[in-house]
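Right, one structure below, let's go through it.
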Amino acid sequence: MTKHIYILLAVFVLAFTSCKTNKPTADDESGISTEEVGSGSSRIDSLLQKAPERESAKVVEKMAERFSSWKTVMLSAQLQMDGLPLSPSLKIFMEKGKSMSMSVRAPFVGEVGRLEFANDTVVAVNKMKNVYAVADISQLMGGIEFTLSDLQDVFLARAFAIGEGTIVRYNKSKHGLYHAPSENYFLPPMPQSDNLLYGFTIDGEGMVNDFLVHDFTSGFELYCLYQHNKKSYNAVFEIQYADAQMQVILDGITCQWEAQPLNPIKFTSRMREVSVQEFLRF
């Protein structure tokens, strides 16, 4: 399934969210009460056909079988992004649920940038400009309460419930599975709130093809498209927040399981701390 299905869902949810906001009383002119408007989950039910429980369990089980257990992993890829004069390499070391380090390396130069995630905090370092910034993970995600484990699943192309971890088995009270075009399925963790829409597209073999999260309050949106090959995969990240848009492509991602961490970054006396906004301008 491509992004147009997510857009359709977003428009549908937004329409009813606006209706609920503009008509707070039960007896308005339209005759629709807030109870009749329903939750985000019921709105998806009215738009897409839900798969039978046995079929849902089978598809989610196939998906979970692809998610091998792990403690540490090193991802290697080529980074493509607007404004970069070269295509640097990227290494991402992750310790499950504990830490994540991202190292950007330019040809003939070496490491030019680093992102260090620990608990709910991220430190971003620009070695070329000798500046760094500190922020909460939720601040980078438009206020959405993403955990470090959630971000790790995003890079590993795994389905998850925000704040609850990787989806490893079907639970009819926590997961919906809906038929989507091209013999795919839409998997939104449940319940869906009025101001947040997120979910995954998976195929009949349990392969996660894309992911979208949209916050109607902040306007933040993250869309991830995964392209799977035999020994690697590509990931395209599209980010929209306020008036800013960004596309980041990770090409040829490979995974080395049970890997060793990156060397710790060294802060020099020349480095100075700046705000996140100032850091992004660099």
Practice prompt. State which residue is nearest to LYS230 (Cα to Cα) when the search covers only the stretch 249-282 and only residues that are loosely packed, with under 13 Cβ neighbours inside 10 Å and of a type in the set (Asp, Glu).
Written response: GLU258
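Looking at ALA135, ALA159 in this structure, which one is touching a residue at least 60 places away in the same chain (Cβ under 8 Å), more than 19 Å from VAL208 (Cα to Cα) and of a type in the set (Gly, Ala, Ser)?
On inspection, the qualifying residue turns out to be ALA135.
Restricting attention to strands (runs of 3 or more DSSP E) lying wholly within the stretch 194-237, give those where 1 or more residues are touching a Lys or Arg at 6+ places or on another chain (Cβ under 8 Å).
Strands (runs of 3 or more DSSP E) meeting the threshold: 208-215, 221-228.
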Discussion item. So the check is Cβ under 9 Å with 6+ separation or different chains; which pairs have a first residue in the stretch 250-277 that's closer than 16 Å to ARG105 by Cβ and a second one that's assigned to a loop (DSSP other than H, G, I, E, B) and of a type in the set (Gly, Ala, Ser)?
Written reply: ASP251/SER87; ASP251/SER232; GLY252/SER232; ILE253/ALA157; ILE253/SER232; THR254/SER232
Worksheet entry | Output for the stretch 178-198, where each listed residue is surrounded by 18 or more Cβ atoms within 10 Å (Cβ to Cβ), under 23 Å from THR217 (Cβ atoms) and of a type in the set (Ser, Thr, Tyr) | TYR198
Discussion item. Would you confirm whether or not the stretch 221-230 contains a residue that is crowded, with 18+ Cβ neighbours inside 10 Å and more than 12 Å from the chain's Cα centre (by Cα)?
Written reply: no
Discussion item. Out of the residues in the stretch 34-64 meeting the condition of being at pLDDT 75 or above and of a type in the set (Lys, Arg), tell me which one is farthest from the chain's Cα centre (by Cα).
Written reply: ARG54
Item to complete: State all residues of the stretch 251-282 that are closer than 16 Å to PHE93 by Cβ, at pLDDT below 90 and not hydrophobic (A, V, I, L, M, F, W, C); if no residue qualifies, say none.
Response: PRO264
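The values are calculated or read from the model by the stated rules, or taken from the named source; none is laboratory data. All values reported here derive from a predicted model rather than from experimental measurement. Heads up, the Cβs are rebuilt from the backbone with ideal geometry, glycines too, and the neighbour counts pull from every protein chain shown.
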